[in-house]
Amino acid sequence: MRNPRACQQRNASTEKCEPELSSSDPRNANEMDGTAMEFPEIDILNAAYEAELRQQEMLPLLASTLNVPAEAVFHTWAFRRCRQHGEVADTSWQYFFHGLECDLKNSADGRFLRLDFGPRGRIDTFSAWGILQFIMTSTAPWPDFTALKRLFADKEPPYDELSGNFPKFCEYWDKLDEKGCFDTADPALVEFLARCTTVDPSGISIVRFPSETPEETQVDCSVAHRKHLSAHARRLQEHQGAEAVSGMR
């Protein structure tokens with residue numbers, strides 16, 4: 001079975017600069033000639049955007065349960081200053097921290113949201129695996145991505161967070177990445193981590209930060225490679241939305 005971290009790890013090792021778009025750039029041409037991105041790619045982008053909104057919605061609830069500011073949730077868990085799992089107060093949601101992420105699951109309707117934290121606790125970052133899990137479980141009052149569920153399901157409904165075909169999903173995810181739809185959360189921290197990393201003769205990577213490096217920065221380096229929607233992706237979504245409105249007139 002393909003490793004759910006495969007896409008994000010591959011993306012982290014193949015970072016590329018996002019140049020200013022020119023009229024000859026195929027992404028710019030796509031917008032100039034009015035060509036819309038088609039299913040399922042635009043729908044995956046919309047799902048990623050929706051997941052970002054739901055992360056922003058849920059993080060304050062989790063923060064309140066942990067009795068910390070929303071921006072402090074990531075470091076609170078990273079330094080093990082909170083319980084690993086529990087219930088989000090006054091809701092049907094349960095939380096489970098693991099690695100540098102947190103899974104949120106609604107015990108009443110099965111909705112599932114993975115918080116792939118970014119540097120300094122930012123919450124607009126995500127992973128391919130997390131977005132697929134969100135798609136497969138999202139339901140009212142959140143959007144129901146029915147067509148995407150049918151496309152990526154590897155089992156019959158009812159679906160849960162493990163129902164998606166991850167290798168198939170990555171085929172489209174990687175195409176979106178190649179088209180410049182995702183940016184790295186903090187390229188400067190990625191470069192800093194690279195400068196602090198050496199590989200010993202056995203092939204093991206060893207990280208040695210300067211002694212004055214704050215612990216928070218060291219942790220942030222571990223998630224600096226994570227992705228968020230690029231300005232290009234947001235323009236594509238706006239273009240698609242404008243076309244939809246125009247078609248309704």
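The values are calculated or read from the model by the stated rules, or taken from the named source; none is laboratory data. Keep in mind the model is a prediction, meaning the values are calculated, not measured. All Cβ positions, even for glycine, are placed from backbone atoms using ideal geometry, and neighbour counts span all protein chains on display.
Could you look through region 67-107, keep only residues that are more than 21 Å from residue 164 (Cβ to Cβ) and among the aliphatic types (A, V, I, L, M), and pick out the one that is farthest from the chain's Cα centre (by Cα)?
It comes out as 89.
Within region 242-249, is there a residue that is modelled with pLDDT under 95, more than 21 Å from residue 43 (Cα to Cα) and not in a strand (DSSP E or B)?
Yes: one or more hits.
Please count how many residues of region 75-85 are surrounded by 14 or more Cβ atoms within 10 Å (Cβ to Cβ) and without any contact (Cβ under 8 Å) to a residue 60 or more places away in the chain.
Adding up the residues that qualify gives 3.
Could you please find all residues in region 86-102 being surrounded by 12 or more Cβ atoms within 10 Å (Cβ to Cβ), assigned to a strand (DSSP E or B) and either of a type outside the set (D, E, K, R) or in contact (Cβ under 8 Å) with a residue 24 or more places away in the chain (or both)?
86, 93, 94, 95, 96, 97, 101, 102, listed by residue number.
What is the one condition in (1) closer than 30 Å to residue 216 by Cα; (2) at pLDDT 50 or above; (3) of a type outside the set (Asp, Glu); (4) surrounded by 14 or more Cβ atoms within 10 Å (Cβ to Cβ) that residue 56 does not satisfy?
Tallying (1) closer than 30 Å to residue 216 by Cα; (2) at pLDDT 50 or above; (3) of a type outside the set (Asp, Glu); (4) surrounded by 14 or more Cβ atoms within 10 Å (Cβ to Cβ), residue 56 fails exactly one: (4).
Restricting attention to region 208-223, and to residues there that are polar (S, T, N, Q) and part of a loop (DSSP other than H, G, I, E, B), which single residue is surrounded by the fewest Cβ atoms within 10 Å (Cβ to Cβ)?
211
Within the set of pairs 6+ apart or on separate chains, which have a first residue in region 36-65 that is in contact (Cβ under 8 Å) with a residue 12 or more places away in the chain and in a helix (DSSP H, G or I), a second that is surrounded by fewer than 20 Cβ atoms within 10 Å (Cβ to Cβ) and among the basic types (Lys, Arg), and C-beta atoms under 7 Å apart?
Hits for this filter: 41/175.
Would you confirm whether any residue within region 172-186 is modelled with pLDDT of 95 or more and over 25 Å from residue 237 (Cα atoms)?
Among the residues of region 172-186, not one is modelled with pLDDT of 95 or more and over 25 Å from residue 237 (Cα atoms), which makes the answer no.
Check every one of the strands (runs of 3 or more DSSP E) wholly within region 115-207 and list those with 1 or more residues that are among the hydrophobic types (A, V, I, L, M, F, W, C), out of contact with any helix residue (DSSP H, G or I) (no Cβ under 9 Å at 6 or more places or on another chain) and surrounded by fewer than 20 Cβ atoms within 10 Å (Cβ to Cβ).
Filter on region 115-207 gives 197-199, 205-207.
Would you confirm whether or not region 185-208 contains a residue that is aromatic (Phe, Trp, Tyr) and either closer than 26 Å to residue 49 by Cβ or touching a Leu at 6+ places or on another chain (Cβ under 9 Å) (or both)?
Within region 185-208 (the criterion being aromatic (Phe, Trp, Tyr) and either closer than 26 Å to residue 49 by Cβ or touching a Leu at 6+ places or on another chain (Cβ under 9 Å) (or both)), the answer is no, since none of the residues qualifies.
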